[in-house]
Structures are given as C-alpha cells and as structure tokens.
Amino acid sequence: MEADKDIRFTEKKVDESWKEQAESVKAKAASAQPAAKAKPVETSKTFLGLVQSLGYQALMNLGEIPNPMTQQTELNPEGAKEAIDLLISLRDKTKGNLSDDEKKMLETLLTQLQIKFSQSV
C-alpha cells in the first residue's frame with residue numbers, strides 16, 4: 001500500500017521576498033520623516049489662525065473691537081457665545097494633541113473671552 005510510504009521534503013523553499021518589501025517600506029518611511037516634521041509647523045500656524053479668527057469674532061461680537069465693515073462697535077452676545085463655544089469644542093477635541101504654545105494660547109484666549117462675556121451680559 002502506498003499509504004505507508006514515507007514522504008519527506010528534501011529541500012525547503014522559503015519565500016523571502018517579504019523581507020525586501022519590508023525593507024522598501026521602511027526606507028520610504030525613513031525618507032518621508034523630514035517632510036512629516038515640517039508639516040506640524042504648518043498645521044500649527046493654521047490652527048493658531050483659526051483660534052485667532054474665532055477670538056476676533058468673539059471680541060467683535062462683544063463690542064470690544066469695531067466691525068471692519070461698518071467701523072461700528074456692536075454687541076451681539078449670541079454671536080460671541082457661539083464663537084466661545086466653538087473654541088471650547090476645539091479645546092476639548094484637541095486635548096492631548098496640542099503643543100504647549102497652542103494650548104497656552106487657547107486657554108488664555110478662552111479665559112479672557114469668558115470674563116469679557118460675563119461682564120457684557
């Protein structure tokens with residue numbers, strides 16, 4: 001009977017192409033790192049610009065600075081509250097992902113706006 005026949009592999013074939021693929025991916029990741037380091041600076045500027053814009057809107061709606069279109073100071077508590085709430089949402093959603101400078105600016109701005117809001121209402 002052939003069932004009793006002992007089958008043995010005399011030569012093992014190992015596919016080692018995965019090693020080459022892994023090295024290729026690793027090399028691409030290493031070469032992309034300098035670009036990745038430059039990106040957070042740009043992202044930080046964009047984030048800080050957004051925070052400043054919302055702070056500016058809140059100050060304008062609190063009558064602290066004039067409206068650039070009318071050159072008049074206007075009091076719009078609902079608009080100010082909306083801008084402050086957006087800043088609070090940004091703070092909460094980005095918790096743990098901000099640089100020290102971003103966190104400090106956001107916290108300082110929020111504190112000042114909340115004090116001004118409570119004084120104007």
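The values are calculated or read from the model by the stated rules, or taken from the named source; none is laboratory data. This one's a predicted model, so the numbers in the text were calculated from it and none came from an experiment. Neighbour counts run over all protein chains shown; Cβ positions are idealised from the backbone, glycine included.
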Just wondering, is there one or more residues in segment 83-105 that are modelled with pLDDT under 95, assigned to a helix (DSSP H, G or I), among the hydrophobic types (A, V, I, L, M, F, W, C) and closer than 19 Å to Leu48 by Cα?
yes
If you check Leu87 against the conditions, is it within 18 Å of Thr43 (Cβ to Cβ) and surrounded by 15 or more Cβ atoms within 10 Å (Cβ to Cβ)?
yes
Six or more apart or on different chains, Cβ atoms under 7 Å: show the pairs whose first residue is in segment 68-83 and without any contact (Cβ under 8 Å) to a residue 60 or more places away in the chain and β-branched (Val, Ile, Thr) and whose second is surrounded by 12 or more Cβ atoms within 10 Å (Cβ to Cβ) and assigned to a loop (DSSP other than H, G, I, E, B).
Thr73/Gly63; Thr73/Pro66
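Here is a yes/no grid of residues against (1) surrounded by fewer than 10 Cβ atoms within 10 Å (Cβ to Cβ); (2) at pLDDT below 90; (3) under 24 Å from the mean Cα position of the chain (by Cα):
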site: Ser17; (1), (2), (3): yes, yes, no
site: Lys37; (1), (2), (3): yes, yes, yes
site: Gly49; (1), (2), (3): no, no, yes
site: Ile65; (1), (2), (3): no, no, no
